[in-house]
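Student: Here it is: the structure, laid out below.
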Amino acid sequence: MTQQSPFDLETGAGLLACPRCDALHVEEELESGQTARCIRCGTVLAKPRGGAFSQLIALSFTSMVLLIGAVFFPFLEISRMGFGNATSLFGVALAFADGILLPLVAALLIMIVGLPVARAFLLVYTLAPLAKGRPPNRHAATAFRWSETLKPWSMAEIFIIGTAVALVKVAGLATVHLGPAFWAFCGLILVNLASRGFMCQTTIWDAIEDAGLATDGREMVEGRAP
Amino acid sequence: MTDDAHSRPILTAHRAGLLGCHSCGRVWPGDQRRCKRCGAKLTPPDRRGLQAVWAWWFAGLIMYIPANLFPMMSTRTFAGLAGNSEATIAEGVLELIHHGSYDIAAVVFIASIVVPIAKFLSIAWLAMVAGRPATADQAHSRLKVFEVVEFVGRWSMIDVFVVAILSALVQLGFVASIHPGSAAVCFALSVAFTMLSAQSFDPRLIWRGLPLRSRTKE
C-alpha cells in the first residue's frame, strides 16, 4: 500500500467497485504478496504475486498436456469372472449415446475436456504477450473474460471425485485397474490448485489495460500494479 | 477488515451515480452500457435482474421433478447382487441402506436430495429478500449463503458423472451391466439451470437494503 492514485468521482477513473457489494475503493499499487480485500464484504479484490504470469502460462500448458493424454490413454478397466471391460474418457461420455440421453454426450465431453482445454488456451493467449512485456494480442480482453465466464462450467475436478465415488460402488462387484488417464486427471487437480494460487483477475485486467489495450485512453500507466 | 465495516460509512458505486463492472471491477459513469476494459455488459444493481433468477429457478425445479420420478440407472446382474433393478434416486438410497452400507447411503442422500432442495430454498430466499432493508450482519450472512450456493452448485453434477462412469465401465456381458436412465439427463439439466439461476443473482442487491451512509475514502 504505497501512494494513492488520483481518482475521479464523475467518471469513475482510478476507482474500483467490489463485484460482490458495489463498495467503491481507490485503486492502489500493491506489492507482490499483498492482498487487498473489500472493506465492506471482505471479498479478495487483488492479490498480485511475483512472476504469476509465467507460472500461469506454464501451468496452463501442463494442464493441456495432461488433458490430451487423458483423452487418448485408457481410463479405467474392470474384470470379474473372466469378463473384462476397459473404458476411455470417450467411453464414459458415450455411455449416454442412446435415445434421449444423446445431448448429454456432448455436454459431458465439453465439461470434462473441452472447457478445461479451451480455458488453458485462452489464458495462454491472454498472458503470453503480457509476460514478455509486449502489447496484448487482439481481443485479449474478450479471451480473458470468456475464460472467467466459462470457469464454473469446466468440471474436470468434479469428474475425478465422481470417479472415486463410482470406484467405491464398483469395488464390491469387480476388480478395478486404474489407467494412465485416471492419474492424469489426478495431476490436473494439483495443477488447478496451483494455478488458483497465482490467479489474480484484477492484476491481469490492469496488465491488459496498461500494456496498451485500446480503451478510451484514460488508463493510468503510472501507479498501477504490474 | 469486516469489523470496520460496521462502524465506517461506505460509498457504493451505485450511490455515487456510477456503475461498477461485475467482471473486472472497473468503474464507469452511470450511462455507460458496456465496460470498455473487458467488454462485459454493465447492469445496474436493481431488482429487475431477479426475473432471470426466477426463470432459471423454475426451469430447474421443473426438471428436478422427472429427475426424481424416472430411474437414474438400471442394473442387470446375473450372479452378483439382486437381479435386475431400476432405481430412482430415492430408491437407490433405500437400496444402499438395505445392503447395510449406511455411509455411502448418507453421502448419496446428502449429495442428490438434501443439497439440491437446500439450493432451491436458498436461491428463492435470497431472491425474495434481495434489496429489502437489512442490517450489515444480515447482509454478511446472506452473502455467505450466496457464496455457498455458488460453490456447491457445480458439485451436484457429480451424480451424473457417477452414472456415466458406472454405465461405461460395468459392461460385463451377462455377469453385470449398468445402463443410464432418463433421470440422468433431467438431473443434469436441473443442475445446469440452478447454476444459471445462481449466476444471474446479483450479490450487490444483498447490500442495497442497507441504511444509507455517507461516503468515505480508504
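Student: Ballpark to the nearest 100 Å², how much total accessible area do B and A bury together, probe 1.4 Å?
Tutor: Chain pair B/A: roughly 6500 Å² of buried accessible area.
Student: Between B:Asp137 and A:Asn137, what is the spin-label point distance in nm, taking each point 7 Å from the Cα along the Cα→C-beta axis?
Tutor: Roughly 5.1 nm, to one decimal.
Student: Also: Taking 7 Å along the Cα-to-C-beta vector as the label spot, tell me the A:Arg196-A:Trp183 distance in nanometres, rounded to one decimal.
Tutor: So the two model labels end up 2.5 nm from each other.
Student: Within 10 Å of each Cβ in A:169-177, how many Cβ atoms from other chains are there, averaged over the peptide?
Tutor: 4
Student: Each label point is 7 Å from the Cα along the Cα-to-Cβ direction; what then is the distance between the points at B:Arg15 and A:Leu9, in nm?
Tutor: Going by the 7 Å Cα→Cβ label model, 1.1 nm.
Student: Under 5 Å between amide hydrogens, which residues at least 5 positions from B:Leu42 or on another chain qualify, with H placed 1.01 Å from N in the peptide plane?
Tutor: B:Arg34, B:Cys35
Student: Could you give the size of the charge dipole of the stretch A:90-208 about its Cα centre, using +1 on the Cβ of each K and R and -1 on the Cβ of each D and E, expressed in debye and rounded to the nearest 20?
Tutor: My answer is approximately 340 debye.
Student: Going Cα to Cα from B:Lys119, which aspartates and glutamates come in below 13 Å? Please leave out same-chain ones fewer than 8 positions away.
Tutor: Those aspartates and glutamates meeting the cut-off are B:Glu147, B:Glu150.
Student: How large is the charge dipole for chain B, taken about the Cα centre, if only the Cβ atoms of Lys, Arg (+1) and Asp, Glu (-1) carry charge, to the nearest 20 debye?
Tutor: 1520 debye
Student: Report, ordered by chain and residue number, the lysines lying within cross-link reach of A:Lys132, taken as a straight Cα distance under 25 Å and ignoring same-chain residues fewer than 8 apart.
Tutor: A:Lys47, B:Lys36
Student: Between the stretch B:175-190 and the stretch A:20-82, what is the C-alpha centre distance in whole Å?
Tutor: About 32 Å separates the Cα centre of the stretch B:175-190 from the one of the stretch A:20-82.
Student: Along the three principal axes, how long is chain B when you take its alpha carbons, biggest first, rounded to the nearest angstrom?
Tutor: Between the extreme Cα coordinates on each principal axis of chain B lie 74, 34, 27 Å.
Student: I'd like the FRET efficiency for B:Trp125 and A:Ser32, computed as 1/(1 + (r/R0)^6) with the beta carbon distance as r and R0 of 45 Å, rounded to 0.05.
Tutor: 0.65
Student: Hey, another quick one. Hey, got the average number of other protein chain Cβ atoms within 10 angstrom for residues in B:176-184?
Tutor: 4
Student: Right, another one. Using protein chains only (no ligands, no nucleic acids) and a 1.4 Å probe, work out which residues of the stretch A:11-31 have their accessible area cut by at least 40 Å² relative to the chain alone.
Tutor: Residues losing area: A:Ala17, A:Pro19, A:Arg20, A:Asp22, A:Leu24.
Student: Another one. Students often check this: by mean Cβ neighbours within 10 Å, which of A:181-188, B:189-196, B:21-28 ranks highest, and how do the rest follow?
Tutor: B:21-28, B:189-196, A:181-188
Student: Give me the percent relative contact order of the stretch B:90-161, please, defined on Cα pairs under 8 angstrom at least 6 residues apart.
Tutor: Relative contact order comes out at 34 percent.
Student: Name the residue, out of B:Leu69, B:Leu121, B:Leu11, whose mean-square fluctuation peaks in a Gaussian network model built on chain B with Cα pairs under 10 Å.
Tutor: B:Leu11
Student: Here's another thing I want to ask about it. Just to be sure I follow the definition: excluding the sites themselves, where is the longest run in chain A that has none of the trypsin sites (Lys or Arg not before Pro) in a DSSP loop with at most 13 other Cβ atoms within 10 Å?
Tutor: A:1-131
Student: Just checking the output field for B:134-146: average partner chain Cβ neighbours within 10 Å of each residue's Cβ?
Tutor: Across B:134-146, the average partner-chain Cβ count within 10 Å equals 1.
Student: Further, regarding this structure: Please report, as a whole percent, how much of the solvent-accessible surface of the stretch A:106-222 comes from carbon and sulfur atoms (probe radius 1.4 Å).
Tutor: Whole-percent figure for carbon plus sulfur exposure: 67.
Student: Now, a different point. Counting alpha carbon pairs within less than 8 Å and at least 6 residues apart, what relative contact order, in whole percent, applies to chain B?
Tutor: Once normalised by length, the contact order is 32 percent.
The values are calculated or read from the model by the stated rules, or taken from the named source; none is laboratory data. On a predicted model such as this, the values are computed, not experimentally measured, just so you know. In this analysis, Cβ positions are derived from the backbone assuming ideal geometry, glycine residues included, and neighbour counts consider all displayed protein chains. All accessible areas refer to the heavy atoms of the entire protein, side chains included, with ligands and DNA or RNA removed. Shrake-Rupley method; radii C 1.70, N 1.55, O 1.52, S 1.80 Å.
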